[in-house]
Amino acid sequence: MPEVWARLEDVSIRYGPKVVMQNLSLDIVDGAITCIIGLSGAGKSTILRLLNGLKRPDAGRVFVRGQEISTLRERDLISIRQTIGFSFQFAALFDSLTIGENVALPLREHTKMSGEEIDKLVSETLESVGLGNVESRYPSELSGGMVKRAGFARAVISNPQCVLYDEPTTGLDPIITHILTNTIKKLRDRLNGTAVVVSHDLGSIYMMADYVAMLFEGAIIAYGTVDELRRSPNPIVQQFLQGSEVGPIPI
Ligand SMILES: Nc1ncnc2c1ncn2[C@@H]1O[C@H](COP(=O)(O)OP(=O)(O)O)[C@@H](O)[C@H]1O
Ligand SMILES: [Mg+2]
């Protein structure tokens, strides 16, 4: 049996009358890349927020490395969050800081590295996502795609055990998509780290996913390797993978 990095156990979430998750359970395998797919509004981002304690379930439990985090106090969550990188869907950089300062933030806050060491690591990490010589620029001076990649660099700079990526390649061109997909794989290979990737980009999912979980109407309706998912007899999975408007998914 593979080791489990995190586990959602019978998680339910609702907003007012709207049920977003109903007794949802999912294991995130340690050292693997798990991709989460599903329609807009299915609850994919919510799964990432549950995994680093930004969101608490209304019922059910969330475990990270065997520790239940859904009941931890905010200040006890901080040390867990330091082991988890989060690449937000919208890069969430500080406009008043340069790109270099933004990417350096996790190191300044949580390590005792010297300014020189930090500068070196910042430029190496930016290079690894295809961004050279942008340290002194401000977010407003870069394209949306470049800002997104800078957010990605910030998420991985402190070599976290796990990185959560919310739509890392949405809106980016195929070349950058390829670079980022490879970066996700390299990080996992180098650190034996875990990644959870919310993505709509089937090409990059097929390239990187060890496991794919499909979320539909509040539950995980399919889980397995890419091959297993492609062979799934479930018509909802097939419709989603084929991007067809014909099928059981209400449009
Ligand atoms: N703070 C909130 N208040 C009310 N509804 C919310 C809130 N956050 C998320 N939702 C709803 O929960 C559902 C799941 O959201 P989300 O996890 O962002 O979906 P996805 O990332 O799959 O598009 C959506 O229908 C969304 O409208
Ligand atoms: Mg989302």
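Throughout, read-outs are computed from the coordinates displayed, never taken from laboratory work. Keep in mind the model is a prediction, meaning the values are calculated, not measured. So basically every Cβ, Gly included, is an ideal-geometry build from the backbone, and we count neighbours across all protein chains shown.
Residue separation of LYS112 and PHE90 scaled by 0.36 nm, minus their Cα-Cα distance, works out to 5.1 nm of gained length.
Based on DSSP H segments of at least four residues, each scored -39500 (n - 2.57), the chain has a per-residue ellipticity at 222 nm of -11000 deg cm²/dmol. Residue by residue, region 103-112 carries 3J(HN,Hα) couplings of 5, 6, 3, x, 6, 5, 6, 10, 10, 10 Hz when phi is fed to the Karplus relation 6.51 cos²θ - 1.76 cosθ + 1.60 (θ = phi - 60°); x denotes Gly or Pro. Model label sites at GLU245 and SER140, defined 7 Å from Cα along the beta-carbon direction, differ in position by 4.1 nm.
A convex hull fitted around the alpha carbon atoms of the chain yields 141 Å³ per residue.
By DSSP, the beta bridges lying fully in the chain are antiparallel in about 55 percent of cases. Coupling constants for region 13-22 follow from the phi torsions by the Karplus curve (6.51 cos²θ - 1.76 cosθ + 1.60, θ = phi - 60°), and in residue order they are 9, 9, 10, x, x, 7, 8, 9, 9, 10 Hz; glycine and proline get x. Rg over Rh for region 132-209 works out to 0.96, using Cα positions for both radii and the Kirkwood form for Rh.
Amide H contacts of GLY60: SER12, each under 5 Å away and 5 or more positions distant or on a separate chain (H built 1.01 Å from N in the peptide plane; Pro and chain starts excluded).
Cα gyration tensor of region 28-69, axes a ≥ b ≥ c as square roots of the eigenvalues: rounded (a/c below 1.5), prolate (a/b > b/c) or oblate? Here region 28-69 falls in the oblate category. Axis angle, to the nearest 10 degrees, between helix 174-191 and the longest C-alpha principal axis of the chain: 90 degrees. Remark on region 171-241: ratio of C-alpha radius of gyration to 2.2 N^0.38 Å is 1.18. Distance distribution note for region 89-159: the fraction of Cα pairs above 13 angstrom is 58%.
For CYS35, the residues 5 or more places off, or on other chains, whose built amide H falls under 5 Å of its own are VAL197, ASP210, TYR211, VAL212, ALA213. The C-alpha atoms of the chain define a longest principal axis, and helix 144-156 lies at about 90 degrees to it.
Length gained on full extension, GLN22 to ASP227: 71.1 nm, using 0.36 nm per residue less the C-alpha separation. Modelled this way, with points 7 Å down the Cα-to-C-beta line, the labels at ASP58 and LYS185 are 4.1 nm from one another.
Computed from the C-beta positions of THR83 and GLU217 and an R0 of 35 Å, the FRET efficiency is 0.65 to the nearest 0.05. The string of couplings for region 234-250 from the Karplus curve (6.51, -1.76, 1.60, θ = phi - 60°) is 5, x, 5, 4, 4, 4, 5, 5, 8, x, 8, 7, 9, x, x, 6, x Hz, one whole number per residue in order, with x for Gly and Pro. Amide H contacts under 5 Å for ALA222: MET214, restricted to partners 5 or more places along the chain or on a different chain, H placed in the peptide plane at 1.01 Å from N.
The label point for LEU97 and the one for GLU68, both projected 7 Å from the Cα toward the Cβ, are 3.5 nm apart. Region 1-62 and region 173-213 have their alpha-carbon centroids 19 Å apart.
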